[in-house]
Structure formats: C-alpha cells, structure tokens
1. Output the residues belonging to region 81-98 that are crowded, with 19+ Cβ neighbours inside 10 Å and assigned to a strand (DSSP E or B).
2. Can you pull out every residue in region 64-87 that is of a type in the set (Val, Ile, Thr) and closer than 14 Å to Lys147 by Cα?
3. Mind checking which pairs have a first residue in region 166-190 that is at positive phi and a second that is surrounded by 12 or more Cβ atoms within 10 Å (Cβ to Cβ), Cβ under 6 Å, 6 or more apart or different chains?
4. Could you please give the count of residues in region 59-80 that are among the polar types (S, T, N, Q) and either outside any helix (DSSP H, G or I) or within 21 Å of Arg164 (Cβ to Cβ) (or both)?
5. Conditions: (1) among the basic types (Lys, Arg); (2) loosely packed, with under 11 Cβ neighbours inside 10 Å; (3) over 25 Å from Phe14 (Cβ atoms). Lys112 meets all but one. Number of the miss?
6. I'm checking my understanding of the structure. Among residues of region 132-173 that are of a type outside the set (Val, Ile, Thr), under 16 Å from Ser44 (Cα atoms) and part of a strand (DSSP E or B), which one is nearest to the chain's Cα centre (by Cα)?
7. When the residues of region 33-46 are narrowed to those that are touching a residue at least 40 places away in the same chain (Cβ under 8 Å) and within 19 Å of the chain's Cα centre (by Cα), which ends up farthest from Asn144 (Cα to Cα)?
Amino acid sequence: MSDHHYMLYKPYGFLSQFITNAQRKKKKHRFLGELYDFAEGTMSIGRLDEKSEGLLLLTTDGKVSNEITSKKYDKEYYVQLDGIVTEEALQQLHEGIEISINGKTYQTLPAKTKIIGDPGFSERSRRIRGDHHGPTSWASITINEGKYRQVRKMCAAIGFPVLRLIRVRIGDIELGDLGVGEVREVDDLVG
C-alpha cells in the first residue's frame, strides 16, 4: 500500500480531525472527512483550532507526520489583529514571550514577525465583526513550535487579540492558490 499526502485549506469552523471520542454537545462539529474522500488511515499533521483557517497537511505516513511537526519546519501565519499593531509590540515576540499553556507558564521561542497589508483573503464563513468596533491590522508571524493556541496567546499577551488566523506556510509548502475547503493530493511533503 502506497502512502497518500494531501494539502488542504482548512475552512473556519472545522476541527482538524476526522472523528471525536467526546460526547456530542448541542453544537454539531464539522470534521475534515466532510471535505474529501481521504485514504484510510489519513491523519492531520499538527492542528489548527476550530476558529483557525489555512494550510493543513495530511498523510497516511506517521514518519512524515513526525518529521513535519518537528522544530525543523517553520509555520507562518497571517493574523488579523484587533487594533493597529506596532513594530514595538511585535518586537516582544522576536524575543520570546511568556504565555500560559495548560495552566503553566511557558516561554516561547523567538518568532519572526512583520506588519503586512491586508492579504486579500475571501470573506470568512462567519463575519469577523463590524468596522464600528475600531481598526484592525495584519501581521505575519512565523514560529517553529506549535503549542496549543500559541499564536493567539502570544498576540493577546502583547495586547493585540487575534480576530482571524490563517496558516499560509509550513516549511517550503505554501497555501498558494488553494481555495477554501479545497484538497490537493501531492506526491510528497518532505524533500
């Protein structure tokens, strides 16, 4: 049996998994299997939380999954922030910042950051908020670790909560022209 590898633009509102072991609540969760007929044994490589969007890699090869989730691969995110972010605020992320992970204080590794213009993504399925709530800005944040909701926690810690988060790159693999919810099967994920 040959391995299968996929690139996916995970839409807002989907969990980065195929099934859940938890009791279903009133809210119906949406799963990746609704988007494509993936090969049996497919797993997501890392995760994006339900409110996050963008590039998600999937594979049937556990070794490839372990390789890509290692710190060898940068993960770049475009984030829409509440307020007009400053270079001074982003500088704090360059130096590493303390955030809370599972009730414990964690010092992040230095991140690469820059202020960017509106990247022009299509509207999200659920509206962000009205303009009357004040200005927003965009930044690129690149990390090589991936703690639970790390980018959101980092931005909140510097006073600019995340309104929208889109992963645009993992290593050399870019989201590119992949449309929301689109899946592309690829020959390989690591070179």
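Every number in this text was worked out from the coordinates using simple rules, so none of it is lab data. Keep in mind it's a predicted model, so treat the numbers as computed, not measured. Every residue, glycine among them, receives a Cβ derived from its backbone with ideal geometry; neighbour counts consider all protein chains shown.
1. Result: Leu81, Asp82.
2. Result: Thr69, single match.
3. Gly171/Tyr73; Gly181/Pro11; Gly181/Leu35
4. 4
5. Among (1) among the basic types (Lys, Arg); (2) loosely packed, with under 11 Cβ neighbours inside 10 Å; (3) over 25 Å from Phe14 (Cβ atoms), the lone unmet condition for Lys112 is (2).
6. Of everything passing the filter in region 132-173, Arg167 is nearest to the chain's Cα centre (by Cα).
7. Filtering first and then ranking leaves Leu35.
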